[in-house]
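The values are calculated or read from the model by the stated rules, or taken from the named source; none is laboratory data. Remember, it's a predicted structure, so these values are computed and weren't measured experimentally. Cβ placement follows ideal geometry from the backbone for every residue including glycine, while neighbour counts extend to all protein chains displayed.
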Amino acid sequence: MARTTSPPSEELAEKIIDIDVSEEMRGSFLEYAYSVIYQRALPDARDGMKPVQRRILYQMNEMGLRPDRAHVKCARVVGEVMGKLHPHGDSAIYDALVRLSQSFAMRVPLVDGHGNFGSLGGDDAPAAMRYTEARLNPAARLMVSSIEEDVVGFQPNYDGQETEPEVLPAAFPNLLVNGASGIAVGMATNMAPHNLGEVVAAARHLITHPEATLDELMEFVPGPDLPTGGTIVGLDGVRDAYAKGRGTFRTRATVSIEKVTPRRTGLIVTELPYNVGPEKVLGRIKDLVQSKKLQGISDLKDLTDRNQGLRLVIELKNGFNPEAVLEELYRLTPMEESFGINNVALVDGQPQTLGLRELLSVYVGHRLDVVRRRCEHRRAKREERLHLVAGLLVALLNIDEVIALIRDSEDSGQARRRLMTTFELSDTQARYILDTPLRRLTKYDRLELETERDQLNTEIAELTAILESDSKLRRLVSRELGEVAKEYATPRRTVLKESSGLTRSAAVPLEVGDDPCHVLLSSTGMLGRSAGATLPRMFDGPRARHDATTSVVPATVRGEVAVVTDLGRLIRLPVLELPELPAESADAPPLASGSPVTEFVELAEDEHAVSLATLTGDESGLVVGTRQGIVKRVAPDYPQNKDDFEVINLKDGDRLVGATQLVTGEEDLVFITSEAQLLRFAAGGVRPQGRPAGGVTGVRLSEGARALWFGAVTAPEDSVVVTVAGSSTALPGTQAGAAKLTPLDAFPVKGRATGGVRCHRFLKGEDVLLFGWMGRAPARASRADGGPVRLPDADPRRDGSGEALPRPISAVGTGQTDTGR
């Protein structure tokens, strides 16, 4: 059946109030706005705390969660705070607790967290509060120190059953040190963290010099000190913020340029801007690379771990200037971010925008008030104790009368009144005497009480002097701040730069130009390219590893050269991938900063690089010589679609012993054989052949002999021949042998396919050449590990005998990088 509604009674109708909806909305909104401003979003300028943060620290202190105690579940802390002090949801409390523990968000963390409390930039959310644990950090004890000594006011909690502090004592300037951020209704705050030592120094200066100017204070606080480090570029915005409370500055990541592989250069990011996480940076870079808005990046790696901290590796493509790519990253990614300072905080319950001087003044005033109240509280407590001690001393001086009086009294009330009347004691003193056990009324206790009375009088006098002297009070506050800084201050993390930090200009293109250079190969297989068309100058320091150069060819940075191996292979090699050698090398040989050839080309287990060659199509071409005395000039018809091909058809068991790039085609070629013969003949006598050809006879060898070395003469008047004689019966590599240096001019030019002339006279026990080499002086010998070996002085006799070496040599090269090409 249908329900009928009776009309409202006349009594109820009289209680209906007509209101204006717009007025009600306005009033309700204002009430909500005030609540957000005062109870949630804005920090107090005195302790730098929002209500929820203040309640967390206060309640954790009440729970006894000191740094020397064990961690407890965060859920327990959140429950205590929510149940007793904070009338809002648990998520807001836990979020605030998490931030108080994050070392990348707080310059001086106040909570010691145990577990997953999130990551930089919020890339990873913290674990649920049922999993994490927390306790107070030592610095947090400074925020609540002396709170039990009536140093701050207390107010009722939300239901009136508990009390909470209106503000914390704050023994250090927390608002400036840790910063703050919050969004209220119609206003917001965003304050940057600073270095504790610098802020304390400024506060102490302001205590001593209340009229200090902003410039004087900025000598102590030059700029923010962000927890994540980085670099602040441009300080004009910082000064504006310190003067007016609002300003903007830019922060940059800390990046170094390093070799990540022998072929590739990388940008190593070790610090990011404040509140920027690595995943945000990597995601942005990937998007830019995929959309082709950012060039030059080949790979991204996040190698961050607990041991080395943040480490992002941005690998660059060959041919791109690292500085130019870095500038593009600053421009297009969060590796450079702006930070807007808006110093809004509550002062006497009112939101105000404060500069650096005002923030320090409010804190100093608060700290002076806290220490004054603490001194008053301690003086009152000592005066109360002195009053009791004085009464007890009166009882001790009249102990017999006191005992008789108490014994004759009918009850404690009568005994108390009679004590007050007889000895002129106060009610408190009389009660204390009655409560004191007889064992305390001995002669020894009297001495203790007299000592305590004197000590109390001294302390009361000191506290009174502090309370009656503003200068002594200020000195005490300054001394306490100094002690805090001494214990908790840490070095600055953020670098400050006056300039805007712009590094790229039109003169620095994004890609490396195709400039002329030279490619060098050392006797130990180290490769590198010169920084320009000029070769690195000769190393003129003490002998060092890798200082003997065996091959130098001209090239361009974006061009190619080739590595010729002893198996007759020619392998293409991009010049851009080679490490750039220093232009000046007074303290080390140029190729000491090179890289092994095996990092760039793949060689067989028993294959070795013998020389470098150009791929320019020069008619002079490449000339090679083999162990069996074969010589071949290779026609430069190299295939363009292959990176690896043979330049000679070797016979079984044969190998290349040398290869050189002819410049004019008029050079002389030189063979050195194991039977101590040297053949020098004109290169014009060898006609070019195609790659499949096997070459022609270069030097005639006796049975069992072999060619040790082959090359071309580029500067006969400056060249020397190095030969090392030894015994054929000794194990390879075990004998040092006897070495001889002979000027090349001592050897005449002969015809191709002849036996040459003798270059080394064997002594007793010598029947074979162990080593042979010819090149521009000075000749430099090295061991297998690249270490130097001293060679004897030159001997003008071409058939002279050698001088014993101190140790075996593995290779010989020239100390000159200028080859005349």
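If I ask for residues that are touching a strand residue (DSSP E or B) at 6+ places or on another chain (Cβ under 6 Å) and either closer than 22 Å to S782 by Cβ or of a type in the set (K, R) (or both), which ones from segment 716-730 would you list? Steps first, answer last, please.
Of segment 716-730, the ones touching a strand residue (DSSP E or B) at 6+ places or on another chain (Cβ under 6 Å) are 718-726, 728.
Of everything in segment 716-730, those that are touching a strand residue (DSSP E or B) at 6+ places or on another chain (Cβ under 6 Å) and either closer than 22 Å to S782 by Cβ or of a type in the set (K, R) (or both) turn out to be D718, S719, V720, V721, V722, T723, V724, A725, G726.
Considering only residues that are surrounded by fewer than 18 Cβ atoms within 10 Å (Cβ to Cβ) and polar (S, T, N, Q), look in segment 621-667 and name the one that is farthest from A604 (Cα to Cα).
For segment 621-667, the residue satisfying everything is T664.
For segment 747-763, what are the residues that are within 19 Å of G726 (Cα to Cα) and buried (at least 17 other Cβ atoms within 10 Å of the Cβ)?
Within segment 747-763, C759, H760, F762 meet the criteria.
Of all residues in segment 506-559 being among the hydroxyl-bearing types (S, T, Y) and part of a loop (DSSP other than H, G, I, E, B), which is modelled with the highest pLDDT? First the steps, then the outcome.
The initial filter retains those residues of segment 506-559 that are among the hydroxyl-bearing types (S, T, Y), namely 522-524, 530, 534, 549-551, 556.
Subset that is part of a loop (DSSP other than H, G, I, E, B): 523-524, 530, 534.
On the way: S523: 77, T524: 77, S530: 82, T534: 71.
Of everything passing the filter in segment 506-559, S530 is modelled with the highest pLDDT.
Quick grid of which residues meet (1) assigned to a helix (DSSP H, G or I); (2) among the β-branched types (V, I, T):
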{"residue": "S145", "(1), (2)": "no, no"}
{"residue": "Q161", "(1), (2)": "no, no"}
{"residue": "A171", "(1), (2)": "no, no"}
{"residue": "V185", "(1), (2)": "no, yes"}
{"residue": "H205", "(1), (2)": "yes, no"}
{"residue": "G223", "(1), (2)": "no, no"}
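Look at segment 242-271 and say how many of its residues are in contact with a Ser or Thr (Cβ under 8 Å, 6 or more places away or on another chain), within 19 Å of I341 (Cβ to Cβ) and outside any strand (DSSP E or B).
2
Taking R141 and the conditions (1) surrounded by fewer than 16 Cβ atoms within 10 Å (Cβ to Cβ); (2) farther than 16 Å from A489 by Cα; (3) of a type in the set (D, E, K, R), which numbered condition does it fall short on, given that it satisfies the others?
(2)
Could you please find all residues in segment 710-756 being aliphatic (A, V, I, L, M) and free of Cβ contacts under 8 Å to residues at least 40 places away in the same chain?
The first filter runs over segment 710-756 and keeps only residues aliphatic (A, V, I, L, M), leaving 712-713, 715, 720-722, 724-725, 730-731, 736, 738-739, 741, 744, 746, 749, 753.
Passing the criteria: A730, L731.
Go through E376, E384 for me and flag whichever is at pLDDT 90 or above, within 30 Å of V151 (Cβ to Cβ) and surrounded by fewer than 15 Cβ atoms within 10 Å (Cβ to Cβ).
Details: E376 fails: surrounded by fewer than 15 Cβ atoms within 10 Å (Cβ to Cβ).
Testing whether each residue is at pLDDT 90 or above, within 30 Å of V151 (Cβ to Cβ) and surrounded by fewer than 15 Cβ atoms within 10 Å (Cβ to Cβ) leaves just E384.
Those residues that are within 14 Å of R385 (Cα to Cα) and either exposed (fewer than 14 other Cβ atoms within 10 Å of the Cβ) or touching a helix residue (DSSP H, G or I) at 6+ places or on another chain (Cβ under 6 Å) (or both), I need them from segment 428-451; list them, please.
Within segment 428-451, T428, Q429, A430, Y432, I433, E448, L449, E450, T451 qualify.
From the set of residues in segment 233-278 that are in contact with a Leu (Cβ under 9 Å, 6 or more places away or on another chain) and among the acidic types (D, E), which is surrounded by the most Cβ atoms within 10 Å (Cβ to Cβ)?
Across segment 233-278, the extreme among qualifying residues is E271.
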